[in-house]
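The values are calculated or read from the model by the stated rules, or taken from the named source; none is laboratory data. Values in this document were obtained by computation on a predicted structure and should not be read as measured data. With ideal geometry, Cβ positions are generated from the backbone for all residues, glycine too; neighbour counts draw on all protein chains shown.
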Amino acid sequence: MLQLAARYNAYIEPLQILIYLPTLLIFALLLRGAKQDTSRGVLLLLGAEWAMVGVLFWFNMVAKVHWIGFAAGAVFLAAGLYYAVGASRSFPPHFRWRRDNTTLLSLSVTAFGILGYPGVSWILGRSYPAVTTYGLMPGSVALLTLGVALSARPGPRLWLLGPPLLVTLLSPFSILWWDIWEDYALLPLGLVAFVAWAKWHKKNVDAPTKDTIRFDF
């Protein structure tokens with residue numbers, strides 16, 4: 001894994017820095033969060049990041065050493081298209097950060113994806129370029145998506161959580177095959193996101209009809 005990470009970082013330079021620009025744009029949209037176009041922008045940016053990981057990491061790096069790169073690359077490209085199609089819905093989910101517990105949970109998961117995920121590499125004693133990269137590694141983009149999905153109003157949608165939860169379920173393989181120890185965080189954080197969805201879904205289903213909140217925007 002260390003050699004793969006080193007080659008990958010050398011290949012994508014200077015994207016390690018530039019990848020923060022779409023992330024900052026996502027944050028700006030989450031803070032604004034008042035129009036359908038805002039929510040569409042969030043989904044399109046997420047889709048672009050999934051597609052980027054599919055092409056740069058899976059197709060251009062992993063596929064050269066293992067056939068799994070082709071399969072995983074296709075899945076990530078499909079996920080990118082999936083979110084782009086979601087952005088074209090008449091009523092896309094409404095993403096918004098506010099001063100509440102939902103936002104706190106969203107911020108916590110997102111912050112770990114941005115800072116904690118690559119930070120684990122440094123804690124383990126690795127140095128650049130043999131470190132994981134925020135936003136350009138499968139686990140990192142999955143964590144970012146989980147965090148953003150948790151900001152959906154009135155609650156997270158299961159279809160938004162689908163691709164990152166799939167990566168979460170497959171994370172034991174990345175740990176076993178490539179020693180990506182950072183992916184240990186995916187399982188508990190994925191479980192937290194799923195429980196948050198289940199709690200919101202049950203609350204909505206059990207609510208009286210007159211109080212039921214519309215599931216769309």
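Worth pointing out:
- Of all residues in segment 168-180 being over 20 Å from Ala130 (Cβ atoms) and aliphatic (A, V, I, L, M), the one that is modelled with the lowest pLDDT: Leu170
- Residues that are outside any helix (DSSP H, G or I), aliphatic (A, V, I, L, M) and out of contact with any Pro (no Cβ under 7 Å at 6 or more places or on another chain) within segment 129-150 comprise Ala130, Leu136, Met137, listed in sequence order.
- Neighbours by Cβ (under 8 Å, 6+ apart or cross-chain): first from segment 71-100, basic (Lys, Arg); second surrounded by fewer than 22 Cβ atoms within 10 Å (Cβ to Cβ) and not in a helix (DSSP H, G or I): Arg89/Asp216; Arg96/Gly33; Arg96/Ala34; Arg96/Arg153
- Candidates are the residues of segment 181-217 that are among the charged types (D, E, K, R) and not in a loop (DSSP other than H, G, I, E, B); the one that is modelled with the highest pLDDT is Lys199.
- Matching option when the condition is within 16 Å of Trp181 (Cα to Cα) and surrounded by 24 or more Cβ atoms within 10 Å (Cβ to Cβ), among Ser121, Ser106, Ser127, Ser140: Ser140
- Taken together, the residues in segment 81-128 that are farther than 30 Å from Asn9 by Cα and assigned to a loop (DSSP other than H, G, I, E, B) amount to 11.
- No other residue among Trp50, Trp58 is at pLDDT 85 or above, buried (at least 18 other Cβ atoms within 10 Å of the Cβ), touching a Leu at 6+ places or on another chain (Cβ under 8 Å) and not basic (Lys, Arg) apart from Trp50.
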